[in-house]
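The structure appears right after this line, and notes come after that.
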Amino acid sequence: MLLTITTTHRPATDLGYLLSKHPDKCQTFSLAYGKAHVFYPEATEERCTAALALDFDPIGLVRGGRSRNETKGTLAHYVNDRPYAASSFLSVAIAQVLSSAMKGQAKGREELAGREIPLSATLSAVPSRGGEQFLRSLFEPLGYEVQTERITLDEQFPEWGEGNCFRVRLDATVRLSDLLTHLYVLIPVLDNQKHYWVGEDELEKLLDKGGEWLKVHPLREQITRRFLRHQKSLVREALERLVAGDDPEVVVHDQEGQEQEESLERPLSLNDQRIAAVLAALKGAGAQRILDLGCGEGKLIGALLKEKSIAKIVGVDVSVGSLEKASDRLKLDRMPEMKRKKVELFQGSLTYRDARFTDCDAACAIEVIEHVDASRLEALERVLFEFAKPPTVVVTTPNIEHNVRFEGLVAGKFRHRDHRFEWTRKQFEDWCWGVAQRHGYAVRFMPIGREDPEVGAPTQMGVFSK
Ligand code: SAH
């Protein structure tokens with residue numbers, strides 16, 4: 001089993017610092033089931049590749065009683081894919097041999113360890129019964145470009161057909177610690193077998209390594225289930241803790257909260273005014289292909305569908321529940337074919353780079369940013385303004401100054417219990433100016449709803465253009 005990691009960040013040989021393994025040396029580490037070798041097939045200023053090769057002892061595995069029970073007493077007990085296929089053994093090797101790199105520690109290159117750099121990982125053989133599609137669905141939402149090649153079982157006996165293993169290459173601009181963490185969690189998920197007992201420890205490891213990104217991964221339930229080997233109570237606990245309380249990005253569909261916000265704002269029919277203002281901004285920009293990020297139940301989509309000038313509407317939300325509601329509310333299944341073709345809905349997160357966000361001429365995030373943890377705003381900014389970078393971006397968010405005018409709202413409370421923050425006009429404008437400056441956009445602001453001379457309008461809108 002061979003894992004290689006390549007960077008073209010310059011000087012590329014800094015990879016040695018990031019991995020705490022000198023490029024000029026070949027090092028060998030003894031692990032419980034064999035040896036791990038780390039060496040560098042290439043190490044130049046422009047390009048550096050580190051390799052982690054597992055030299056696996058299948059007989060030792062049998063003697064050590066670590067093999068899977070279901071193969072005991074059969075030939076498969078001795079002859080199996082463990083020596084060459086990526087499996088939980090690789091995760092253990094990563095955790096033991098590259099532990100400081102996985103934690104994001106790099107003596108002498110601390111700052112670089114925290115930076116996203118171009119990285120490419122190749123895995124010589126990855127088992128995936130779910131085929132190429134499953135592989136893609138695990139890595140693409142994390143921003144990787146995925147290349148796969150199915151491995152023929154034996155070139156000399158083509159009639160044996162193709163196996164379940166793939167050569168895989170993953171490319172992304174990521175932190176090395178994130179790449180290692182993604183591999184650590186997802187390789188055993190693909191393999192769906194573990195060579196060691198899965199208990200509370202594993203649950204803690206999963207939450208520790210996967211916590212941040214797993215919460216918003218479209219396949220988080222499947223990943224959790226497989227990582228924890230289908231142990232129901234552990235899986236339940238892990239999912240509860242992932243989704244728990246204050247996590248910004250896991251939005252379990254929150255009907256009650258939604259109604260709470262709507263009833264507060266109803267006297268102003270703020271929602272209708274917001275949609276009208278957004279429509280006006282989009283039409284003013286001449287936008288025809290619209291991306292609605294955090295589309296919720298599809299209220300804006302419904303309004304956009306009535307506009308003849310709009311050719312394509314793509315709605316994205318992290319919450320499957322919301323997307324299902326949107327599909328119901330819009331009656332997509334009963335819509336005439338021509339109209340239906342204009343709409344596409346998919347699950348995704350606006351804090352993860354996604355190739356599907358690039359094909360639009362305007363993106364909207366209507367009452368969404370305040371649902372995202374402040375610490376993730378930087379990621380949102382890059383996804384939207386650096387990678388997707390549509391010519392127009394419309395963002396709306398509550399104006400917290402106005403909250404004192406809502407009779408039903410307890411002082412000091414946000415309008416919705418899932419809001420991570422609510423901003424004053426100055427805070428929102430400062431954020432927008434910063435974003436605009438960093439990414440070459442112009443921005444203008446508009447109040448939405450009745451403007452109060454003292455505390456301003458209930459909603460604020462920023463329209464970015466370039
Ligand atoms: N834009 C809609 C819904 C606003 S509620 C409207 O104006 O009616 C906020 C929505 O953002 C919710 O549907 C929530 O699921 C979604 N959301 C929260 N965090 C998200 C993220 N990181 N990526 C995509 N959607 C997100």
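Within segment 452-466, can one find any residue that is assigned to a loop (DSSP other than H, G, I, E, B), of a type in the set (Phe, Trp, Tyr) and in contact (Cβ under 8 Å) with a residue 40 or more places away in the chain? So far as segment 452-466 goes, no, none of its residues is assigned to a loop (DSSP other than H, G, I, E, B), of a type in the set (Phe, Trp, Tyr) and in contact (Cβ under 8 Å) with a residue 40 or more places away in the chain. May I ask you to list the residues in segment 3-41 that are surrounded by fewer than 15 Cβ atoms within 10 Å (Cβ to Cβ) and in contact with a Ser or Thr (Cβ under 6 Å, 6 or more places away or on another chain)? If the condition is that a residue be surrounded by fewer than 15 Cβ atoms within 10 Å (Cβ to Cβ) and in contact with a Ser or Thr (Cβ under 6 Å, 6 or more places away or on another chain), then Lys35, Pro41 are the ones that fit. The residues of segment 408-466 that are among the charged types (D, E, K, R), under 21 Å from Gly286 (Cβ atoms) and in contact with a Pro (Cβ under 7 Å, 6 or more places away or on another chain) amount to a single one, Lys466. Being buried (at least 19 other Cβ atoms within 10 Å of the Cβ) and closer than 13 Å to Ser177 by Cα, is that true of even one residue in segment 125-148? Taking every residue of segment 125-148 in turn, none turns out to be buried (at least 19 other Cβ atoms within 10 Å of the Cβ) and closer than 13 Å to Ser177 by Cα.
Please find, within segment 300-342, the residue that is farthest from Val278 (Cα to Cα) out of those that are crowded, with 20+ Cβ neighbours inside 10 Å and of a type outside the set (A, V, I, L, M). Before the answer, list the steps.
Our first condition is that a residue be crowded, with 20+ Cβ neighbours inside 10 Å; within segment 300-342, this holds for 300-301, 304, 310, 313-319, 322-323, 326, 330.
Retained after the next criterion (residues that are of a type outside the set (A, V, I, L, M)): 315, 317, 319, 322.
Details: Gly315: 15, Asp317: 18, Ser319: 22, Ser322: 20 Å.
Here the answer is Ser319.
Selection of segment 330-342 for residues being under 14 Å from Lys299 (Cα atoms) and either touching a strand residue (DSSP E or B) at 6+ places or on another chain (Cβ under 8 Å) or among the hydrophobic types (A, V, I, L, M, F, W, C) (or both) yields Leu330, Leu332.
Residues that are in the same structural domain as Phe421 (by TED's automatic domain parsing), among the small types (Gly, Ala, Ser) and in a helix (DSSP H, G or I): does segment 354-373 have at least one? Within segment 354-373, one or more residues are in the same structural domain as Phe421 (by TED's automatic domain parsing), among the small types (Gly, Ala, Ser) and in a helix (DSSP H, G or I). Within segment 242-276, being touching a helix residue (DSSP H, G or I) at 6+ places or on another chain (Cβ under 8 Å) and at pLDDT below 70 holds for Leu242, Pro248, Glu249, Val250, Val251, Val252, His253, Glu262, Glu265. Looking only at segment 438-466, residues that are of a type outside the set (Asp, Glu), over 13 Å from Phe428 (Cβ atoms) and surrounded by fewer than 16 Cβ atoms within 10 Å (Cβ to Cβ) come to 6 in all. Among the residues of this structure, Leu279 does not count as one that is under 18 Å from Glu370 (Cα atoms) and within 16 Å of the ligand (Cβ to nearest atom).
Looking at Thr358, is it within 12 Å of the ligand (Cβ to nearest atom) and either surrounded by 13 or more Cβ atoms within 10 Å (Cβ to Cβ) or under 20 Å from the mean Cα position of the chain (by Cα) (or both)? Show your work before the answer.
Numbers: within 12 Å of the ligand (Cβ to nearest atom): no; either surrounded by 13 or more Cβ atoms within 10 Å (Cβ to Cβ) or under 20 Å from the mean Cα position of the chain (by Cα) (or both): yes.
Here the answer is no, as Thr358 does not meet what is asked.
Where helices (runs of 4 or more DSSP H) fall entirely within segment 24-125, those with at least 1 residues that are modelled with pLDDT under 95, under 25 Å from Lys209 (Cα atoms) and small (Gly, Ala, Ser) are at 88-97, 99-102, 110-113. Scanning segment 366-387 for residues that are free of Cβ contacts under 8 Å to residues at least 60 places away in the same chain and more than 10 Å from the ligand (Cβ to nearest atom) returns Ala374, Ser375, Leu377, Glu378, Glu381, Arg382, Glu386, Phe387.
Comparison of Val372, Val368, Val404, Val443 shows that the only residue that is in contact with a Cys (Cβ under 7 Å, 6 or more places away or on another chain) and of a type in the set (A, V, I, L, M) is Val443.
Of the residues Leu345, Leu350, Leu291, Leu300, the single one that is in a helix (DSSP H, G or I) and in contact with a strand residue (DSSP E or B) (Cβ under 7 Å, 6 or more places away or on another chain) is Leu300.
Under the condition of being more than 12 Å from the ligand (Cβ to nearest atom) and assigned to a helix (DSSP H, G or I), the residues counted in segment 305-327 number 2.
The values are calculated or read from the model by the stated rules, or taken from the named source; none is laboratory data. This is a predicted model, so every value here is computed, not measured. Positions of Cβ are generated from backbone atoms using ideal geometry, with glycine treated the same way; all protein chains shown enter the neighbour counts.
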